[in-house]
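A short worksheet on the structure shown next.
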Number of protein chains: 2
Amino acid sequence: MRLLPVCFLIASGVACAQAPVAPSPIAEPAMTTAAQLRDAAMKGSGAYALVESLTTEVGARMAGSEADARAVRWAEQKFKALGFDRVRLEPVRFPVWRRGHESAVVLSPAPQKLSILALGFSSGTPKGGVAAEVVRFPDLAALGAASEAQVRGKIVFVSQKMERRRDGGGYGPAVAVRGQSAEIAGRKGAAAVLIRSIGTDSDRFPHTGGALWLSQIALDPEIARRATKLGDGSLIATTLVPAAALSNPDADQLDRLIARGEPVRIQLELDVGLAGEYVSHNVIGELIGREKPDEFVLIGGHLDSWDPGTGAIDDAAGVGITMAAGALIAQLPQRPRRSIRVVAFANEEQGLYGGNAYAKMHADAAQTHVAIAESDFGADLIYRFDSNVAPESLPLADAIGSVLYPLGIERGGNVARVGSDIGPIAKLGVPAFSLGQDGNDYFDYHHTANDTLDKVDATRLDQNVAAYAAFAYLAAEAEAKITPPKM
Amino acid sequence: MRLLPVCFLIASGVACAQAPVAPSPIAEPAMTTAAQLRDAAMKGSGAYALVESLTTEVGARMAGSEADARAVRWAEQKFKALGFDRVRLEPVRFPVWRRGHESAVVLSPAPQKLSILALGFSSGTPKGGVAAEVVRFPDLAALGAASEAQVRGKIVFVSQKMERRRDGGGYGPAVAVRGQSAEIAGRKGAAAVLIRSIGTDSDRFPHTGGALWLSQIALDPEIARRATKLGDGSLIATTLVPAAALSNPDADQLDRLIARGEPVRIQLELDVGLAGEYVSHNVIGELIGREKPDEFVLIGGHLDSWDPGTGAIDDAAGVGITMAAGALIAQLPQRPRRSIRVVAFANEEQGLYGGNAYAKMHADAAQTHVAIAESDFGADLIYRFDSNVAPESLPLADAIGSVLYPLGIERGGNVARVGSDIGPIAKLGVPAFSLGQDGNDYFDYHHTANDTLDKVDATRLDQNVAAYAAFAYLAAEAEAKITPPKM
């Protein structure tokens, strides 16, 4: 029986002891180096400085905006400064959706302003807005069951509440409200749609976010019919009727007004819409593997953000964590066996264009990816490590997990939650991993003006970097190549 | 030795026991009735329903707005519905300050929007705004010490932080920044002023609030010189240069940008200014005393609010608490010895016009006020009871305090903090009291869009009502009239 260090995170750092373990599929020196990387990150990883830099010097960076280009330059320069061996830009083309201004006012019975944000790819209202009576539905199912007579000519309000869960599991059901309400209500003749924000806070911040998925355009002939063809032949559409999100306190207010029984009339004006095309870039920094330079461990986050905040937790954090993890590995005396690729993805927020472009460009080389993981769930601690690998690679995944354990990270199962940007390449049969962050507070700030640097804690970022650095290093250094699961 | 009930607030309600006390200056039946009022309030006072009604059916109610008139009608109708004997309106005339729109953008080195709100009685910028380099001062003292050469032509940024304290003691030093920066900077030739919000939160909400006090106009001949004379001969002015508040995260962001060392240029546009005069009303509900109808206990809060939120904690709470306390006393089999007057004051936020008008109108009858107290510090629990009475009335104040003690309210001293609306009448020699609320969270929401109903807890309001009802009843019912302190 061999002995391996088993470590625990304690108040003053990490305490380790020798414990008997099964033979590791990763050689001892690599395990020790990974533990050293981990412990070095915990002493200060530099991730916070990266997040501070991106959110301060670029600020909000909506895909296709002037700040998008600044963010790309920022990432390119940081990769170079951090000692990556190869830095390059890969073009990502997408349609631009423009947010001019938006307003909503209760006209009667109690005149007052409401706090709203138009949803991404919402269509605009006529100038001057639309004024109509509100019809409320407690959830998307109720809207689906409504008759045309209930909805026609009205402003539909869907008041479905999102559930707070550590794993973010409340997002799926709630986000369907954002993506489907305008289509369902529009087909029943609604004038416009207001939804309760997809968010768990009770602050007067509306949460924006996409209201139309590219997959919907592909799957739904009615949407495809009204879509516009872009230069590259792809399609884009705006929502069938204008759609905006109310802050949770405003949704509560509207609930109360409607509960009083008198008709509630609202005037809604959205000056938003499509505004041409744009070419941004996935920015890629690579450490070139010393033995197998053409095999890659891919980690990353997305460079763009929504516009109301400065995109600190979504997703400067992910960019900073994965860049800092790569930079830490770059400081080792020698490169790991395989290459490590850190990707700052373009335009995740408005259609996963960066992730899709990456998968398209690298489709033929999908099998060169030995492990992929994405950081796009905020800045809180990682608590769980899941893999998505063939059974024969499970011991290797477990060995990686054992190095993460002292960080308070439990080994999950072999069904990883695949991030949105690595989703397209993962579908081509690539071993995917998830380093699951505590998402209890994530949807308090997500897609709001309140997503700012003060919500990010440097020591928690360090824990994330510790995990990503150890994970990426071990996947790159292990003798055996990780095998993807059967598709 | 007599026995008096001594009660304690426990999880399931209030537990009482008999304990020996010194003879009370208030007769036993009154003390018992006060304790019953208190305990009844704790079982559900109705205050939350009032706060819900005002913030929902009227919403934001900025002095001089269309909603101001609706708020006055609301208060009048509520007083009548709650069983007050006499309800009347007393006119309050004031100048109107208009908020059109406001914007601030960093032009260089890192273009981005800033989240701001113009300060009350700010002057406007020219259309298109002013663009200038920013000069930062860590606090008001540093601005005061600055030379004209440092400030001339620049946008002055004062980044002074407010301290969080239970008693709100951080407000005084911080609010001086709001009230004096524009005048000090303007006299040194500044183009405009931005201040870090007077608030303790880290949410991306700027805090508005008045930037010019009437007392300043009265005391400062330079301000008086540029003031406008209103119909009643009073003076009003706007700030010497345009002035707005940045949210705390935006102030942090500006701190960071400036710390990088390159000049920071900002474009600031404030479409705000004076917009004529308005007559609103103090709305007064009275319970007429059975023996001394011309002696009054006065309690109240202010009916107006700032515009970004719905004025739930500032000050629908105070209006709801004091109305509900009066309504509870109205349900007793007989009226107390003296009258109880509940006042919903007009326009506190923009110059204490309601409180000043009240004192002016009732100056000759100041001595008919036997006790005054104001609720204008949010919706959290009362923790302290202070008096401001002549020494011979201290036993009476202590007796009142003994009934509040089971609510978790400690007896403070004989230096009450006098509220802003009752300040003017208090100055005429009236016994004032303070029922001090826990203000730890108050300045997280104060004067922001986030001051909405969800920040109000019904059971905490009940505790406030319990205290106000017991206090008002005892001051009205005591045989002896409370004597004011020597001025």
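Things to note:
- Complete set of residues in the stretch A:378-393 that are surrounded by 17 or more Cβ atoms within 10 Å (Cβ to Cβ) and either assigned to a helix (DSSP H, G or I) or not assigned by TED's automatic domain parsing to the domain that holds A:A47 (or both): A:S393
- Filtered residues of the stretch B:223-238 (kept if among the hydroxyl-bearing types (S, T, Y) and surrounded by fewer than 16 Cβ atoms within 10 Å (Cβ to Cβ)): B:T228
- Applying the condition of being buried (at least 19 other Cβ atoms within 10 Å of the Cβ) and closer than 15 Å to B:P242 by Cβ to the stretch B:189-208 and asking which residue is nearest to the chain's Cα centre (by Cα) yields B:T208.
- Flag if A:V415 is surrounded by 21 or more Cβ atoms within 10 Å (Cβ to Cβ), closer than 30 Å to A:M31 by Cα and over 16 Å from the mean Cα position of the chain (by Cα): no
- All positions within the stretch A:231-254 that are over 13 Å from A:V193 (Cα atoms) and within 12 Å of chain B (Cβ to nearest Cβ): A:S247, A:N248, A:P249, A:D250, A:D252, A:Q253, A:L254
- Test: residue in the stretch B:233-247 that is over 30 Å from B:P431 (Cβ atoms), hydrophobic (A, V, I, L, M, F, W, C), in contact with a Leu (Cβ under 8 Å, 6 or more places away or on another chain) and assigned to a helix (DSSP H, G or I): no
- Boolean, B:R136 is under 20 Å from B:E183 (Cβ atoms), among the basic types (K, R) and either away from chain A (no Cβ under 14 Å) or under 27 Å from the mean Cα position of the chain (by Cα) (or both): yes
- Among residues of the stretch A:290-310 being part of a strand (DSSP E or B) and either within 14 Å of another protein chain (Cβ to nearest Cβ) or closer than 21 Å to A:Q334 by Cβ (or both), the one that is farthest from the chain's Cα centre (by Cα) is A:K292.
- Filter result for B:A363 (at pLDDT below 95 and over 30 Å from B:N248 (Cβ atoms)): no
- Boolean, B:R178 is surrounded by 24 or more Cβ atoms within 10 Å (Cβ to Cβ) and modelled with pLDDT of 95 or more: yes
- Cβ-Cβ under 7 Å pairs, at least 6 apart or on other chains, the stretch A:81-97 side within 12 Å of A:V343 (Cβ to Cβ), far side in a loop (DSSP other than H, G, I, E, B) and among the aliphatic types (A, V, I, L, M): A:V92/A:A346
- Boolean, B:V87 is within 28 Å of B:G186 (Cβ to Cβ), among the β-branched types (V, I, T) and surrounded by fewer than 21 Cβ atoms within 10 Å (Cβ to Cβ): no
- Among the residues of the stretch A:38-48, not a single one is more than 15 Å from A:S305 (Cα to Cα), more than 14 Å from chain B (Cβ to nearest Cβ) and assigned to a strand (DSSP E or B).
- Subset of the stretch A:322-377 [among the charged types (D, E, K, R), under 24 Å from A:A480 (Cβ atoms) and crowded, with 22+ Cβ neighbours inside 10 Å]: A:R338, A:R341, A:E374
- Just one of the listed residues (B:R265, B:R256, B:R260, B:R290) is without any contact (Cβ under 8 Å) to a residue 24 or more places away in the chain and not small (G, A, S), namely B:R256.
- Residue in the stretch A:255-277 that is farthest from the other protein chains (Cβ to nearest Cβ), counting only those that are among the β-branched types (V, I, T) and in a strand (DSSP E or B): A:V272
- Screening the stretch B:455-466 for residues that are touching a helix residue (DSSP H, G or I) at 6+ places or on another chain (Cβ under 6 Å) and of a type in the set (V, I, T) and picking the one that is nearest to the other protein chains (Cβ to nearest Cβ) gives B:V456.
- Test result for A:S65, within 30 Å of B:W306 (Cβ to Cβ) and in contact (Cβ under 8 Å) with a residue 12 or more places away in the chain: no
- Total residues in the stretch B:210-222, condition surrounded by fewer than 24 Cβ atoms within 10 Å (Cβ to Cβ) and either within 14 Å of chain A (Cβ to nearest Cβ) or at pLDDT 95 or above (or both): 1
- Hey, B:S65 within 19 Å of B:G210 (Cα to Cα), within 14 Å of chain A (Cβ to nearest Cβ) and surrounded by fewer than 22 Cβ atoms within 10 Å (Cβ to Cβ) or not: yes
- Close pairs from the stretch A:111-130: first more than 25 Å from B:A60 (Cβ to Cβ), partner among the β-branched types (V, I, T) and surrounded by 22 or more Cβ atoms within 10 Å (Cβ to Cβ), Cβ under 6 Å, at least 6 apart: A:F121/A:T238; A:S122/A:T239; A:S122/A:V272; A:S123/A:T238; A:S123/A:T239; A:G124/A:V272
- Single condition B:D398 does not satisfy, out of (1) touching a residue at least 40 places away in the same chain (Cβ under 8 Å); (2) part of a helix (DSSP H, G or I): (1)
- Residue check, B:E52 away from chain A (no Cβ under 14 Å), surrounded by fewer than 22 Cβ atoms within 10 Å (Cβ to Cβ) and of a type in the set (D, E, K, R): no
- For the stretch A:424-454, filtering for residues that are more than 18 Å from A:Y171 (Cβ to Cβ) and either within 12 Å of another protein chain (Cβ to nearest Cβ) or among the small types (G, A, S) (or both) leaves 7.
- Check on A:A67, out of contact with any helix residue (DSSP H, G or I) (no Cβ under 7 Å at 6 or more places or on another chain) and of a type in the set (A, V, I, L, M, F, W, C): no
- Condition met for B:A211 (farther than 18 Å from B:Q350 by Cβ, among the small types (G, A, S) and assigned by TED's automatic domain parsing to the domain that holds B:G261): no
- If only residues of the stretch B:90-113 that are away from every other protein chain (no Cβ under 14 Å) and among the charged types (D, E, K, R) are counted, the one that is surrounded by the most Cβ atoms within 10 Å (Cβ to Cβ) is B:E90.
- Across the stretch A:452-464, a minimum of one residue is classified as under 26 Å from A:E163 (Cβ atoms), assigned to a loop (DSSP other than H, G, I, E, B) and out of contact with any Pro (no Cβ under 8 Å at 6 or more places or on another chain).
- Filter pass, B:A40 being in contact with a helix residue (DSSP H, G or I) (Cβ under 7 Å, 6 or more places away or on another chain), surrounded by fewer than 18 Cβ atoms within 10 Å (Cβ to Cβ), of a type outside the set (S, T, Y) and at pLDDT 95 or above: yes
The values are calculated or read from the model by the stated rules, or taken from the named source; none is laboratory data. Just so you know, these numbers come straight off a predicted model, no measurement behind them. Cβ sites come from the backbone with ideal geometry, for glycine too, and all protein chains shown count toward neighbours.
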